[in-house]
Amino acid sequence: MKMRAILLIALMIGGTYVMLQSYQEYEEKRFSEILAPMNAHFSSLIFTKPAIAGSDSKSWIVDEPSEIESLLYFLQNYHVRKLAPEEIDPFDNVEQFSISLQDENGNTLSIIVTEDLIIQNSILYYEIVDGPLNVDWLVQFFISNQT
């Protein structure tokens with residue numbers, strides 16, 4: 001009987017631990033915390049402008065280190081929250097403005113400009129949670145880097 005009680009208590013403690021871990025996974029954190037696991041230096045920005053009124057979408061690459069640092073500096077002031085799988089529409093084909101940061105290893109971090117910013121790191125999605133977002137800076141950044 002004592003063994004069952006000990007196993008039941010261990011099971012309850014384990015369940016509580018798993019619940020806390022899953023809760024912490026979806027807490028907000030600084031933008032720089034999602035960059036840390038990548039552990040690489042970004043070497044280029046890839047801008048994508050969606051198709052408008054029958055024209056093709058347009059993409060261009062910027063390799064200027066100062067522009068990459070400028071974008072990272074802008075984003076470091078924000079906090080992000082990991083999106084749960086049910087919050088993501090995998091079949092959403094609406095094209096958006098996007099900026100992709102690519103490192104030397106080929107890893108990509110995409111910033112999708114919607115009502116708020118959605119950040120895609122591999123198969124993980126994050127959203128900016130503190131705002132308001134400085135849209136004027138973002139638009140100016142996009143325009144100044146347009147080729």
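Which residue pairs have Cβ atoms closer than 9 Å, lie 6 or more positions apart in sequence or on different chains, and pair a first residue in the range 5-26 that is part of a helix (DSSP H, G or I) with a second residue that is modelled with pLDDT of 70 or more?
25/82
Filter the range 47-79 for residues that are under 15 Å from the mean Cα position of the chain (by Cα) and either closer than 19 Å to residue 96 by Cα or assigned to a strand (DSSP E or B) (or both) and give the result.
Passing the criteria: 71, 75, 79.
Hey, can you tell me all the residues within the range 89-112 that are at pLDDT below 75 and not in a loop (DSSP other than H, G, I, E, B)?
none
Might you check whether a residue that is under 19 Å from residue 118 (Cα atoms), in contact with a Lys or Arg (Cβ under 7 Å, 6 or more places away or on another chain) and either open to solvent by 60 Å² or more (accessible area, probe 1.4 Å) or at pLDDT below 80 (or both) occurs anywhere in the range 35-47?
No, because not a single residue in the range 35-47 is under 19 Å from residue 118 (Cα atoms), in contact with a Lys or Arg (Cβ under 7 Å, 6 or more places away or on another chain) and either open to solvent by 60 Å² or more (accessible area, probe 1.4 Å) or at pLDDT below 80 (or both).
The values are calculated or read from the model by the stated rules, or taken from the named source; none is laboratory data. Here the structure is a predicted model, which means the values were calculated and not measured. With ideal geometry, Cβ positions are generated from the backbone for all residues, glycine too; neighbour counts draw on all protein chains shown. Just the protein is used for accessible areas: all its heavy atoms, side chains included, with ligands, DNA and RNA removed. Shrake-Rupley method; radii C 1.70, N 1.55, O 1.52, S 1.80 Å.
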